[in-house]
1. Relative contact order for the chain using alpha-carbon pairs under 8 Å, separation at least 6, rounded to a whole percent?
2. What is the set of long-range amide H partners of residue 174 at a cut-off below 5 Å, with H atoms built 1.01 Å from backbone N?
3. Which helices of the chain meet both criteria: a Cα extent of 20 Å or more along the helical axis and a mean Kyte-Doolittle score no lower than 1.0, with helices taken as whole DSSP H segments?
4. Let me make sure I get this right: for region 223-282, a, b and c are the square roots of the gyration tensor eigenvalues over alpha carbons, sorted descending. Under 1.5 in a/c it's rounded, otherwise prolate if a/b > b/c, else oblate. Which is it?
5. Which order, highest average first, do 106-114, 247-255 follow once you tally other Cβ atoms within 10 Å for each residue and take the mean per peptide?
6. Among 187-200, 123-136, 204-217, 48-61, what's the highest-first ranking by average C-beta atoms within 10 angstrom per residue?
7. So which GluC sites (Glu not before Pro) in region 207-264 pass both tests, a DSSP loop state and at most 15 other Cβ atoms within 10 Å of the Cβ?
8. As a test, work out the antiparallel percent of DSSP beta bridges whose residues both lie in the chain, rounded to the nearest 5.
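Bear in mind that the values in this text are calculations on the coordinates, not laboratory data. Worth saying up front: this structure is predicted, and the values here are computed from it rather than measured. Cβ atoms come from the backbone with ideal geometry, glycine included; neighbour counts cover every protein chain shown.
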Amino acid sequence: MSDPSDRAVLVTGASSGIGRATVELLSSRGCPVWAGARRAEDLGSLSGLANVTPLSLDVTRPDDVDRAATRVRTTDRGLFGLVNCAGVANLGPLVELSLGELHEVLAVNLDGVHRMVRAMFPLLRESKGRVVNISSIGGFLVEPLLGPYNISKHALEAYSDVLREEVAPLGIRVITVEPGAFQTRIVDNGLRRHGDELRRRWTGSDSVYRDQVLQTLAYMEQPNVRHRLEYPLPLPVAQAVAHALFDDEPRPRYVVGTPEELGAVVDRLLSLAREANESHPTPLSREELARRSRGEKPA
């Protein structure tokens, strides 16, 4: 395990939830942290943490990203880690969503990650550093009415896997962290941005999805659900991020959540493997499937 005190890390989406928990944990371990957030009050709060330098950063704005890269380059400590935490979600059936509504989520959850990786790549190459992308178990599973979020996280899984292969020869590690349900502001932020608009739109709609959307919206507006109070604080996710950043041999991915959430992910992956195998004219035998599941070479 390397010493975090001389390894600078940039965290996007640092205002709350997983991003804030990660900044606080790294700060407590003496790690120099660049903490990216959009709102002035969040930047002020982050400035009170030891070893933390706030950055005004909206990952959808190229100028913000360029300014952040310039600021990091002007220091003499370089950059060892990039943790992409910024994320959003919206609500609605795919067939009723405009391209703009779909792209609003992709702009943060996928394009924002790519923009940050490209901007920080020269520094990461110099340090032989690490990229940690915060995905979700929603990168394996799907949930009706949350299609843009699931699509973005499925895409982020592929993005991370391709990037891992491409930059490994340069000494850069790419790790994906897939949290289950934790206390974050993602629902609250979404309702603050679009809650009133969604209720007006769907109350007057004649869509076949009207009742389903309004029921889901009413459920999400309950205080315990809106603020995800039924779920644990995201410290375990931050700990997984720290392990991914500083362990000598980090795993390619970390699923963080309950045994039930892990089981749902494994069941989904096994289901996809079974469907792929059964659809082929010459499916693999049960013995061959068992051998491959143990990581053994094909017979």
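1. After rounding, I find 18 percent.
2. Those qualifying (amide H under 5 Å, at least 5 residues apart or on another chain) are 131.
3. Span-like helices here: none at all.
4. Here region 223-282 falls in the oblate category.
5. By packing density, highest mean first, the sequence is 106-114, 247-255.
6. 123-136, 48-61, 187-200, 204-217
7. The qualifying sites are 221, 230.
8. Antiparallel: roughly 0 percent of the beta bridges in the chain.
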